[in-house]
Every structure is written in structure tokens, then in C-alpha cells.
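*Asks:* Following this message is one structure expressed as C-alpha cells.
Only the coordinates and a few stated rules stand behind these numbers; no lab work does. Remember, it's a predicted structure, so these values are computed and weren't measured experimentally. Methodologically, a virtual Cβ is constructed for each residue, glycine included, from the backbone with ideal geometry; neighbour enumeration extends over all protein chains shown.
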Amino acid sequence: MKIKKVFVERSVKNTAVVGNFLAGHPRCAVKIINDVSEIKKPKAVGFFAKDTVIFAKQKSRFLMHCPCSPGQVSCGYYVVDWGTGCPYRCSYC
């Protein structure tokens, strides 16, 4: 799959991760945005497209305890909140 569009939140545009990614994908259309909420609005073009990448500052915790189902014994697992969306085309999602 080829990445066609890249949205970069202004607060992370000069990070090594963004620089390395863009160097490896020189033909991508890049749009600098002030905040990811600009493109998370309903019907925003390309927000969950498989050919779109969004770089934004993590606003929540990266590692947290699993919230588990209400009323159940805690599983003791941790959850890594690494991103939104997924590049895979699983039939069950």
C-alpha cells in the first residue's frame, strides 16, 4: 500500500520521526495542521483512509492499566495507546 497523504500537527513537524518518515516518502502530499481536531470532524476527507498518515502530539497517556469490563476482576494487563486507525484491512473491524 502506498501512502498518499500525510497530515502533520504543527507541534510535531520538526521531530525526527516526522522528518524520517517524510524523507522515506518524498511523493506524499503533506498538509500542516494546527490540531488534529481539524481533520477528525465527521466526514473529514481521509481521516481513516488506509493511505493516510497523521502525526500528532499524544494527548493521553501512552501506557495505562487495562480498563477491563465493568464488574470484572482486573486482568492486570497494560494497554499501549500508540495511535488511531490501523493499516491492516481485517474483515472483523
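*Asks:* What's the local net charge at residue 4, with K and R +1, D and E -1, over the other residues with C-beta under 13 Å away?
*Replies:* +4
*Asks:* Whole-Hz ³J(HN,Hα) for each residue in the stretch 16-32, computed from phi via Karplus 6.51 cos²θ - 1.76 cosθ + 1.60 with θ = phi - 60°, x for glycine and proline: what do you get?
*Replies:* With coefficients 6.51, -1.76 and 1.60, one gets 4, 4, 5, x, 5, 5, 5, 5, x, 9, x, 9, 6, 7, 10, 10, 7 Hz.
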